[in-house]
C-alpha cells in the first residue's frame, strides 16, 4: 500500500517539478518569441537572431536562473517535496517487506540453498566432462549448464534486491562479486565445451566450483555479522 | 578417456592474431565511419561487424576455434572504432566555426591529440573499476552487448535458437530496407496521421528493429524509461502548452503552430531539463553506490594480491595500473590545456607564460577530469539500461564548462569536448564489451588490457582523417555547408550535420544562451529521484526527456511485449527464444544500416 502511494507521489512529483523546471523566465520567453518571429518571417538566419538578441537582451546565466525561479521555483520545490515523500514511503514499504520476509515477485531468495543446488548440478557436469576428449560431443553437459543458468542463476540474480536489503550494499558486494566470478567461469566452461576444448572446460569448471564455495563462505560470514 | 597433453591445442584468448585482426578492422572501420558520419550525420558501432568478421577470419579461415578469442578481436576493433563517434561530433565544429572566425583557423595538433588520447585513456581506466558495480551488481542489460554475446555463442546454441536469431535478423533487414527506401517513415506519427492529437502531444513510433529489440531485451527493467517519456510528452508538454508557457509568435502560420510548439517544448524545455536530470541522477548514483564501489575496489585489490601470492593471473587489471594510467591521462589533459593557451600558442612556452597559463590549465584539468568521469558514468549507465547514449548533451555541457573556465576560448572548449566525447564513448564501449565477456566467460583483464593498449590509435586515425578531409588545394573548406562540393550540391558533399549541431550550440554559448536554469533544476530533480529505491531511475527518466518521444515509446512497446511474454510463456522461453530473436533484430539492423550507408556513400548520394 505504502509502495503504491509512494509510486503515485513520485509520478505526481516528477510531473510537477519537471513542468516548472521546464518553464522559461519572462525575458527568456520574450527572447524565444522574438527569435521565432524573425525565423518565420525572414528564415532562420543567424545574423537576424543575433540582432534580435541585441534588441531584447538575453539575460546572463545568473539572472536567467533568478528569473526562472521567480516563475517556476515554487512549483518546482513543491514537486520535489512530493518526490522525496514518495521515495520515503517506498523505502519504508521495502524495509517492511524485507523485515517481514514477504516473498515478492522473485520469491524468497535462498542464497545458500541455490548455491548448493548449483554445486550439485555442476558436479554432474564435472563427471560428464572428466574424461571428455578434445572435440568430443558435449551437448549434454552444455544443456545442464544452460539449465543451471535459467533455473537457478537467473532467479537468484533477479532476487538480489532482497539480498541488498538484508545485508546492505557493502555486505552484498562482499559475496556477490565472487558469485559473479563463479558464474562467469561457468559460462567460460560452456564456451570451451562449444569450442571442443575439454581441458579448458575442466579448468574453468574447477575455478567456478572453487568460487561458488568461496562465495557461500563469504555469504555465511556476512550473514553471521548481521 | 581424457585428452593426453600431446592432443591438447591451445585455447587462445588474448592472442596476437586476435589483436592484429582486431586492430586492422578497427583502423579500417574508424577511417570509413568518420567519413560516413561526416556525410550522413550519424556514427556506427563496430562490435557486431567485428564479431562476424572474426568468425570468418579467425574461426573460418584460420581454424581458430575460440569464442573468447573472438571476444578479444571484437573488443579491440570496437575499442579503436569508438573514437570515431567521439571525434566526428566535436572536432569538425571547430573547422566549421573557423570559416567565419579566422582566429580559430589551424588548431594546434599536438594539444588536440593529447586531449583526445587523454580522453580515450581516461574513459577506459575510469570505467574498469565500475565493472563489478554495473555488470555484476546492478546487472545492467547492455542490449548490444547481449546481442554480440548471442552471436559469439551461436556455434554452441541449438539449431532452433540459431533459426530464431536468423529470423530476427531477417525481419530487421526487411524493416531497415523498407524504412531506408522511404516506403515507411522512420517516425510514424499516428496522432498526426489520424488527426487525433497535435504534434506537441505525440503518438509516434520510431520504426527501428534495433530499438524494439533493445526494449525486448530490457523488459521490465526498461519500463521507467518508457514511463518517463509518457510523463514528459503526454503530461508535461500539454501542461506547458495549455498554460501558455510557450507563446506562439504572430509570424507562425496556424498550420505550423503544432510543429513550432513541439519544437520549443522539446528543444527549450524537456531536453535541457533531461540533461540536468541525467547529471543529477548520475551524481547521486555515484554517492549512493559508493559502498558497493569501494567494496568492489577492495575486492579488486584483494583478488590481485591473492593472485600474486598464488602465482596466478589476476582477473582484473590491477589498481596500480589503473591509477598510473589515470595520472598519465590527467597529465596529458593538463599538457593540452597549457599548449592550447592562446598566449603560449602564439608566443611559445616560457616561464612567465607558463605561470600565467597555470591557473586556467589546472582548472581545465580538474573540472574537465571530473566532468569526464561523471559523463562516462552517465553514458555507461544509459547505454547499459537502454542501449542509447546521450553523447551530444554531455559534450555540450563539457564545451559549456570549458567555455566559461577559459573565458570563451572556443578552441580549448572544443578540445575538451573531443576528450569527453571519446571518453564517454570508450566507457560505454568498454562496459558493453565487458558485459559480452561476462556472458561468454572471458577474462576481464585480457579485455581491459587489449583495449587499454590500443586506446591511442582510434583518436589518432579519426583526427587524421578529419584533417585530411578538411584540406583542399585552394584552401577552401573540405566539408560542411560552405565547402565547394556542398555549395554546388555535388556527390562528394560532406555536410557534417552533427558538427553543424555543435557549431550552433557554440554560437548560442557565445551569445550567452546556456540553459543553466534547466540544467540546475533538472539536476536537483535527478538527485531527488535517486532516493527512490529503484536503481538508475533518474538516469532513465532524464534520458526519456532528452530523447524524442517516438524512440522512447517504441522502446516501451518492446518492454511491454517482453513482460507479457515472460508472464505467459515463462523465463525459459525468454532465454531461449526472445533473447536470440531480439539479438537478431539488433544485429540485422546494424549490418543492414552499415552496408546501406557504405553503398550510399560509394554512390555519392547525400
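Answer yes if at least one residue in region B:136-150 is surrounded by fewer than 24 Cβ atoms within 10 Å (Cβ to Cβ), more than 17 Å from the chain's Cα centre (by Cα) and more than 12 Å from chain A (Cβ to nearest Cβ), and no otherwise.
no
Within region A:106-144, track down each residue that is farther than 29 Å from residue A:162 by Cα and part of a loop (DSSP other than H, G, I, E, B).
The answer is A:130, A:131, A:132, A:133, A:134, A:135, A:136, A:137, A:138.
Before we move on, is residue A:214 within 11 Å of chain B (Cβ to nearest Cβ) and surrounded by fewer than 23 Cβ atoms within 10 Å (Cβ to Cβ)?
In short, yes.
Right, residue B:83: crowded, with 24+ Cβ neighbours inside 10 Å, assigned to a helix (DSSP H, G or I) and at pLDDT 90 or above or not?
no
Can you name the residue in region A:58-85 that is modelled with pLDDT of 85 or more and at the interface with chain B (Cβ under 7 Å from one of its Cβ atoms) and is also farthest from residue B:536 (Cα to Cα) among such residues?
Across region A:58-85, the extreme among qualifying residues is A:64.
Which of the following residues is buried (at least 21 other Cβ atoms within 10 Å of the Cβ) and more than 18 Å from residue B:118 (Cα to Cα): B:472, B:400, B:411?
Values: B:472 fails: buried (at least 21 other Cβ atoms within 10 Å of the Cβ); B:411 fails: more than 18 Å from residue B:118 (Cα to Cα).
Result of the check over B:472, B:400, B:411: B:400.
Checking residue A:55 against (1) assigned to a helix (DSSP H, G or I); (2) in contact with a helix residue (DSSP H, G or I) (Cβ under 9 Å, 6 or more places away or on another chain); (3) more than 11 Å from chain B (Cβ to nearest Cβ); (4) modelled with pLDDT of 85 or more, only one condition comes out false. Which one?
Of the numbered conditions (1) assigned to a helix (DSSP H, G or I); (2) in contact with a helix residue (DSSP H, G or I) (Cβ under 9 Å, 6 or more places away or on another chain); (3) more than 11 Å from chain B (Cβ to nearest Cβ); (4) modelled with pLDDT of 85 or more, the odd one out for residue A:55 is (4).
Show me the helices (runs of 4 or more DSSP H) found entirely inside region B:148-258 where at least 1 residues are out of contact with any helix residue (DSSP H, G or I) (no Cβ under 8 Å at 6 or more places or on another chain) and free of Cβ contacts under 8 Å to residues at least 40 places away in the same chain.
Correct list: B:159-180, B:190-194, B:237-242.
Considering each of B:358, B:394 in turn, give the residue that is farther than 22 Å from residue B:457 by Cα, surrounded by fewer than 21 Cβ atoms within 10 Å (Cβ to Cβ) and either touching a residue at least 24 places away in the same chain (Cβ under 8 Å) or out of contact with any strand residue (DSSP E or B) (no Cβ under 8 Å at 6 or more places or on another chain) (or both).
B:358
Inside region B:451-489, can you point out the residues that are assigned to a helix (DSSP H, G or I) and within 30 Å of residue B:69 (Cα to Cα)?
Result: B:451, B:452, B:453, B:457, B:458, B:459, B:460, B:461, B:462, B:463, B:464, B:465.
Can you say whether residue B:254 is more than 11 Å from chain A (Cβ to nearest Cβ) and more than 30 Å from residue B:595 (Cα to Cα), as far as the supplied structure shows? Steps first, answer last, please.
Details: more than 11 Å from chain A (Cβ to nearest Cβ): yes; more than 30 Å from residue B:595 (Cα to Cα): yes.
So residue B:254 passes the test.
Please work out which one of (1) in contact with a helix residue (DSSP H, G or I) (Cβ under 7 Å, 6 or more places away or on another chain); (2) at pLDDT 95 or above; (3) more than 16 Å from residue A:123 (Cβ to Cβ) is the condition residue A:197 fails and give its number.
The single condition residue A:197 does not satisfy is (1).
Which condition does residue B:231 not pass, out of (1) farther than 19 Å from residue A:11 by Cβ; (2) at pLDDT 90 or above; (3) within 12 Å of chain A (Cβ to nearest Cβ), if it passes all the others?
The single condition residue B:231 does not satisfy is (1).
For region A:94-110, state whether one or more residues are surrounded by 14 or more Cβ atoms within 10 Å (Cβ to Cβ) and either farther than 30 Å from residue B:532 by Cα or facing chain B (nearest Cβ under 8 Å) (or both).
The answer is yes, given that some residue of region A:94-110 is surrounded by 14 or more Cβ atoms within 10 Å (Cβ to Cβ) and either farther than 30 Å from residue B:532 by Cα or facing chain B (nearest Cβ under 8 Å) (or both).
What is the number of the single condition among (1) crowded, with 22+ Cβ neighbours inside 10 Å; (2) closer than 30 Å to residue A:192 by Cβ; (3) within 12 Å of chain A (Cβ to nearest Cβ) that residue B:426 does not meet?
(3)
If you check residue B:493 against the conditions, is it touching a residue at least 60 places away in the same chain (Cβ under 8 Å) and more than 19 Å from residue B:375 (Cβ to Cβ)?
Here the answer is yes, as residue B:493 does meet what is asked.
Quick check on residue B:312: is it at pLDDT below 85, surrounded by fewer than 23 Cβ atoms within 10 Å (Cβ to Cβ) and more than 30 Å from residue B:517 (Cα to Cα)?
Spelling it out, residue B:312 is indeed at pLDDT below 85, surrounded by fewer than 23 Cβ atoms within 10 Å (Cβ to Cβ) and more than 30 Å from residue B:517 (Cα to Cα).
Restricting to region A:197-210, and then to whatever is crowded, with 22+ Cβ neighbours inside 10 Å and in contact (Cβ under 8 Å) with a residue 24 or more places away in the chain, can you tell me which residue is nearest to residue B:55 (Cα to Cα)?
In this case the residue turns out to be A:197.
Return a yes/no flag: does region A:169-177 have any residue that is more than 8 Å from every other protein chain (Cβ to nearest Cβ) and buried (at least 20 other Cβ atoms within 10 Å of the Cβ).
Yes, there is a match, as at least one residue in region A:169-177 is more than 8 Å from every other protein chain (Cβ to nearest Cβ) and buried (at least 20 other Cβ atoms within 10 Å of the Cβ).
Taking the residues in region B:19-37 that are at pLDDT 85 or above and under 17 Å from the mean Cα position of the chain (by Cα) as candidates, determine which candidate is surrounded by the fewest Cβ atoms within 10 Å (Cβ to Cβ).
Here the answer is B:29.
When the residues of region A:148-159 are filtered to those that are more than 9 Å from chain B (Cβ to nearest Cβ) and part of a helix (DSSP H, G or I), which remaining residue is surrounded by the fewest Cβ atoms within 10 Å (Cβ to Cβ)?
A:152
For (1) out of contact with any helix residue (DSSP H, G or I) (no Cβ under 9 Å at 6 or more places or on another chain); (2) surrounded by fewer than 22 Cβ atoms within 10 Å (Cβ to Cβ); (3) away from chain A (no Cβ under 13 Å); (4) not in a helix (DSSP H, G or I), each residue gets a yes or a no:
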| site | (1), (2), (3), (4) |
| --- | --- |
| B:502 | no, no, yes, no |
| B:521 | no, no, no, no |
| B:528 | no, no, no, no |
| B:533 | no, yes, no, yes |
| B:566 | no, yes, no, no |
| B:582 | no, no, yes, no |
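Is it fair to say residue B:201 is within 30 Å of residue A:67 (Cα to Cα) and either over 23 Å from the mean Cα position of the chain (by Cα) or surrounded by fewer than 17 Cβ atoms within 10 Å (Cβ to Cβ) (or both)?
yes
The values are calculated or read from the model by the stated rules, or taken from the named source; none is laboratory data. For clarity, every value in this text was computed on a predicted model and none was experimentally measured. A quick note on method: Cβ atoms are made from the backbone with ideal geometry, for glycine too, and the neighbour counts reach across all protein chains shown.
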